[in-house]
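Rule-based calculations on the coordinates, nothing more; no lab input. These numbers were taken from a predicted model, which means no experiment stands behind them. With ideal geometry, Cβ positions are generated from the backbone for all residues, glycine too; neighbour counts draw on all protein chains shown.
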Amino acid sequence: MDWIVFSFYRYLLLPGIYVLACLLSLLKLKNKLFESIQFRLRNEFHYRPTFNPDRRSVGIHAASGEIEYAYPLIRKLKESHPDCNVVVTLSSMSVLKAVMNQPMVDAVGPAPIDLAWLVNRFLKKYNFKVFLFARTDVWPEMSLQLRQRQTPSYLFSATFSESSANKGQWLNALTRSALNNLNKIMAVSASDKKNLEAIGVTIPIVVLGDTRYDQVFFKKLNTKKDLPKTPIDKKIFVAGSTWPEDEAVLLPALANAANTWRAVIAPHEVTEDTLTRIELYFSKQNIKTARFSKIKSFADTWNILIVDQYGYLFHLYDWADLAFVGGSFKSKVHSVMEPLSFFKPVCVGPFHTNNREATEFEKIPMGSHAHTWVQTIRSTPELEQLLQFHAHLPSNEHDALTAQLKELLHTYQNATDRTLNQISF
């Protein structure tokens, strides 16, 4: 069956989609889907002066945000194999500029559309010594031609949920066709390995953990921001990447807790309308607000600090006694790993199952308490109760719990080294 499904994909389905994509690209529609299509069709690569066409290359593919899982491995590969180009391919242009600014990446551009002649042209041009896929997005034609060329290929930080395994025989057949051409899969957890094996993936699968933990701790140590010293008069609640749906739950609770808590709110979309809307809400409650770009020190009198600049949120989590990660009352939560890396308890709304760390750490209790390191809240009263719990937590117990989380997160690190040890050049 796999051969039949792959043949249909290779000779009928994908060529048809390609023709349709070419026609749609002429319309120049303005949305993310069509921008991604045009990005792949244009096939424009960007090269740093360090790129040498006479050298062999190490290829790394990341669909989009998966590049965060690849960065620590790229750094290690550049150190251990300086004689190779590092060539990164993407499925979306959303992170293109960020990757272009990485000094350890020699070339970056769109992954080839998974047609035989396009893949062949791409692989021939870069003469890959090894090819790595970050987390997901292994394409059947690409993996087949890598195997035919005897180019070692791997999937690392791989996740595969039970729901993915139940998406149907045709999709599972394509997944098997793609993955069974690889040399090895490095899975995040034993459940990922079990789910991959359940659909018939037969190549070696090893459980090595998640390389993004290494990336977030690297970022923590190497991208420091010059921030004011935190106040000690009240607890601090940091709400990151919030949307209006999140704020509808958060703002009333923060207004009611103003006597014991200061709050830092970093909207996902920093627009004047957003900033003014939050300011107006608290002004009606007679609660003092300030914009992050305007404060000089914490001697300034404010109770709600609104972050009106991009690039600071990650390090602002260091201020938190309790953090909230936005998107979780809208559709899907943003990065829970970031506040966890500062050893902070986190709360999220109900829409958080898209995030592996959120679902994992909501099962891990804080010491002997009923509360977990990632706590789900569904309403303003539930947040108010959580704020009261953390406000009355004794400082010595708080320090002991922080040490517990720090020790736990230490066990999640070094997946990059374990992954690199599995790669054959």
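A few remarks follow.
- When only Cα pairs below 8 angstrom with a gap of at least 6 residues are kept, region 43-209 shows a relative contact order of 20 percent.
- Sites H268 and Q169 - FRET efficiency at Förster radius 45 Å, r taken between beta-carbons, to 0.05: 0.70
- Available extension along the chain between S395 and T411 is 3.3 nm, counting 0.36 nm per residue and deducting the alpha carbon span.
- Mean separation of Cα contacts under 8 Å, 6 or more apart, over the residue count of region 117-250: relative contact order %: 19 percent
- Relative contact order, percent, the chain [alpha-carbon distance under 8 Å, six or more residues apart]: 12 percent
- In this structure, the pairs whose alpha-carbon distance is over 18 Å, taken from K193/K220; K234/K288; K76/K97; K234/K294; K76/K194; K229/K294, are K193/K220; K76/K97; K234/K294; K76/K194.
- Computed over the chain, the P(r) tail beyond 36 angstrom holds 34 percent of alpha carbon pairs.
- Neighbour-count order for E66, E269, fewest beta carbons within 10 angstrom listed first: E269, E66
- Neighbour counts of other Cβ atoms within 10 Å put M104, M142, M1, M93 in the fewest-to-most order M1, M104, M93, M142.
- F122, F34 arranged by Cβ crowding within 10 Å, fewest neighbours leading: F34, F122
- Rough spin-label spacing in nm, given labels placed 7 Å along Cα→Cβ, for T50 and N354: 3.2 nm
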